[in-house]
1. Stretched out fully, how many nm does the piece from Asp320 to Arg270 gain, at 0.36 nm a residue minus the Cα gap?
2. Taking the Cβ of Arg170 as the center, what net charge do the other residues with Cβ under 13 Å away carry, scoring Lys and Arg +1 and Asp and Glu -1?
3. Please give the FRET efficiency for Arg56 paired with Asp293, using the beta carbon to beta carbon distance and R0 = 45 Å, rounded to the nearest 0.05.
4. If each DSSP helix of 4+ residues adds -39,500 (n - 2.57) and the sum is divided by the residues in the chain, what number results at 222 nm, nearest 500 deg cm²/dmol?
5. Between helix 194-205 and the chain, what is the angle of the helix's C-alpha long axis to the longest principal axis, kept within 0 to 90° and rounded to the nearest 10?
6. Compute the projected area of the convex hull of the Cα atoms of the chain, averaged over all viewing directions, and report it in nm² to one decimal place.
7. Quick one: length gained pulling Glu168 to Arg87 fully straight, 0.36 nm per residue minus the C-alpha distance?
8. Name all residues of the range 52-67 having a backbone nitrogen under 15 Å from the label point set 7 Å from the Cα of Asp7 along its Cα→Cβ direction, giving them as ranges.
Amino acid sequence: MSTASDDLGTALATALATHLGDASLSVGGVEPIGTGQMSTSIRVHLETDPPGRLPRTLVVKRPSLDPASRAASRATRTYEIETACYRDVLPRVSVNAPRCWHVQYDEATDDFLLVLDDLAPRIQGDQVTGASPMQVASAVDELVQLHGPVWGDETLTRFGWLNRADAEQRAGTRTLLASCWPRFLDRYGDRLDAVVRRVGHSFVVDPGTYFDPPRGELTVVHGDFRLDNLLFDPAGGRTAVVDFQTAVLGLGATDLAYLAGGSLPTEVRRLHDRELVERWTTGLEAFGARPSDPWGQYRRQAWAGFIMAVVASVLVQRSDRGDDMFVAMANRHAAHADDMDALSAVRF
């Protein structure tokens with residue numbers, strides 16, 4: 001009788017055949033990574049004979065085992081998007097993402113397999129506790145390396161999986177937000193700051209131009225650029241970026257506002273908003289990229305993290321840690337939108 005380890009070893013031997021050559025591969029052990037809201041990630045300890053053909057550990061990412069998360073992933077195309085991003089986009093940019101050893105996606109079944117470099121001993125950020133200004137600044141530097149190389153690159157429009165901002169899809173997102181909002185309030189109401197209900201209700205009722213086609217220079221947007229998807233190097237090296245399940249063609253300031261609004265305690269973030277926008281725009285200049293209205297875009301896109309907190313919290317598998325994370329995100333992003341007067345930025 002085969003074991004799960006044997007089945008995984010067989011799948012990896014097939015996926016990594018070009019790297020193995022005539023070497024054999026077996027799985028020495030596995031351990032889970034993270035809580036896996038939308039997919040499952042494990043660290044796999046490998047043994048090859050002869051040794052040295054592969055790293056001792058790799059990260060394997062596969063579909064979630066939870067039916068609700070699987071359904072949500074199918075509806076939002078997250079597995080298709082992430083695998084396509086590793087295949088089509090990440091080789092063209094310089095962001096510090098893990099090396100991809102194998103990428104596979106089955107459109108009919110929505111199954112996928114990603115085999116990636118293990119970035120240990122980097123430490124995953126914590127969306128609940130937040131980050132330091134130095135950590136956020138290092139993440140902004142990686143945004144520059146994601147956005148800059150493909151800033152305004154019209155060839156990106158040929159990727160249907162990336163270019164998803166047609167009128168029907170924008171309307172669908174707006175409808176989804178409106179349907180999730182009451183359930184979000186029922187679930188977290190007593191844990192939400194007053195600003196969440198105040199600005200959130202106003203935005204959900206009338207999001208103004210937010211869901212209109214983006215105005216400005218387009219680039220690859222990570223779409224979920226938050227602390228849980230960032231790995232910090234204790235030795236001070238570059239921050240690494242993972243989880244490209246929501247990549248989209250859009251405004252780079254979306255990632256910047258999402259990062260700043262959700263990562264820093266509100267009182268700290270208020271001291272650094274303009275500094276972070278300037279760091280991003282200055283970094284982009286090395287690629288000849290010049291946002292036309294960076295501060296205006298930063299204000300307007302402050303809604304991105306709020307939308308994610310509301311919608312994702314209702315769609316994905318629920319957990320105690322997930323609840324803490326979505327509450328923290330909603331409270332911080334609502335305060336950010338309020339500070340930026342982001343309602344007026346979408347109602348002009």
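Laboratory data are not the source of any read-out in this text; all were calculated from the coordinates shown. Computed from a predicted structure; not experimentally measured. Cβ placement follows ideal geometry from the backbone for every residue including glycine, while neighbour counts extend to all protein chains displayed.
1. This chain segment gains 15.1 nm when fully extended.
2. Numbers: positive: Arg164, Arg174; negative: Asp166, Glu168, Asp212.
Every neighbour counted, the sum reads -1.
3. Values: r = 48 Å, r/R0 = 1.07.
Rounded to the nearest 0.05, the efficiency is 0.40.
4. Details: 13 runs with 157 residues, N = 348.
For the chain, the value works out to -14000 deg cm²/dmol.
5. For helix 194-205, the angle is close to 90 degrees.
6. Details: hull surface 72.6 nm².
So the mean shadow area of the Cα hull is 18.1 nm².
7. Numbers: separation 81, 0.36 × 81 = 29.16 nm, distance 2.64 nm.
My answer for the length gained is 26.5 nm.
8. Counting only backbone N, you get 62-66.
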